[in-house]
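Take a look at the structure set out below.
Quick note: the coordinates plus some simple rules give every number you see, no bench work behind them. Note that the structure is predicted; figures quoted are calculated from it, not measured. Neighbour counts are summed over all protein chains in view; Cβ atoms, including those assigned to glycine, are modelled from backbone coordinates with ideal geometry.
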Amino acid sequence: WREKGAAVSTRQGTDASGQPVQRTIKKGVKDFNFGRTLGEGSYSTVLAATDRQNLKEYAIKVLDKRHIIKEKKVKYVNIERDTLNRLTDHPGIVRLYYTFQDERSLYFVLDLASGGELLGVLKKLGSFDIECTRFYAAQILDSIAYMHSKGVIHRDLKPENVLLDRDMHVKITDFGTAKILNTEVKPNGTSNASNGDTPGDPTDGFESDRAVSFVGTAEYVSPELLRDKNACKSSDLWAFGCILFQLIAGRPPFKAANEYLTFQKILGLEYSFPDGFPEVARDLVERLLVLEPANRLPVEHIRNHRFFEGSQWGKGLWRQKAPRLK
Ligand code: ADE
């Protein structure tokens with residue numbers, strides 16, 4: 001367990017010769033006041049917490065060590081920490097500030113997303129209008145583009161994993177089933193030495209461009225994952241297409257009585273647009289929900305699609321005030 005965030009203390013000590021030194025003190029449970037429960041998963045509880053020194057608010061994910069070991073989930077906890085440690089520089093991704101542990105638990109100190117899940121907001125409103133859909137879809141896409149540029153595939157994108165901060169801006173979370181590619185796109189657009197043909201060790205979360213393990217939530221799972229147990233960057237764009245459809249229609253495109261029937265629908269591309277679904281959004285969804293991953297619209301083309309006409313990208317998108325949800 002590699003811990004993160006050796007914080008330089010403001011408290012001053014003195015060394016043997018009486019010279020002042022800044023001591024490096026790691027954050028621990030005692031440095032936070034814990035508050036309400038924000039969420040509960042099978043292996044973790046997320047609590048609101050305040051840093052006692054500066055009163056900054058966080059969400060702290062508390063994981064039970066015994067339970068994780070017993071259920072053989074150590075690998076996933078490490079993947080979550082390793083991916084979050086790669087994704088520290090984007091407003092659309094929940095940031096990991098510190099990790100520490102005590103005898104019983106592991107702690108992840110994360111950005112607090114006080115607006116809750118996008119799913120909750122969507123359920124309350126039923127569906128979004130085009131302006132809100134364009135804004136939230138743009139923020140999700142910008143976040144996906146960033147994680148892909150850092151060699152991370154999320155693999156479980158869905159409206160529950162899209163959180164909202166106090167400004168109602170997107171914060172993507174839950175990287176426990178992500179995949180770290182051994183190819184990272186450099187700022188100049190080229191890949192590093194490893195071209196993705198070299199398989200990574202599947203036990204450490206680092207995998208080659210086409211990987212082997214299954215994960216995901218039924219309604220958002222891509223056909224290639226079901227067919228070939230392969231996830232690639234465009235598998236996240238399939239999920240993005242499902243989310244875009246859901247924001248407008250109020251329901252995901254592929255939904256059936258059980259997982260098996262949902263998988264059948266996905267593999268057969270069996271879905272239909274409700275009456276009144278705007279044509280420009282329909283055109284984009286149809287270019288994302290494509291069975292062959294290589295034929296899905298890539299991120300750069302999605303940004304240039306008519307649906308996003310007038311949309312800002314990059315820093316401007318994150319400085320923008322969120323449209324009022326109605
Ligand atoms: N639930 C799970 N993670 C959360 C976070 N970072 N902020 C708020 N609620 C959450």
How do Leu55, Leu289 rank when sorted from fewest to most other Cβ atoms within 10 Å of their own Cβ?
-> Leu55, Leu289
Please report Arg86, Arg166 as a ranked list, fewest other C-beta atoms within 10 angstrom at the top and most at the bottom.
-> Arg166, Arg86
Using a Förster distance of 25 Å, how high is the FRET efficiency between Lys56 and Leu125, based on the Cβ-Cβ distance and rounded to 0.05?
-> 0.25
Based on the Cβ-Cβ distance from Glu160 to Ser17, what FRET efficiency comes out when R0 is 51 Å, to the nearest 0.05?
-> 0.35
Mind listing the Cα extents of the stretch 74-184 along all three principal axes, in Å, largest one first?
-> 46, 34, 20
Pair Glu3, Tyr260: separation of 7 Å Cα→Cβ label points (nm) | 4.9
Looking at the stretch 63-122, which GluC sites (Glu not before Pro) are in a loop (DSSP not H, G, I, E or B) and have at most 12 other Cβ atoms within 10 Å?
-> Glu71, Glu103
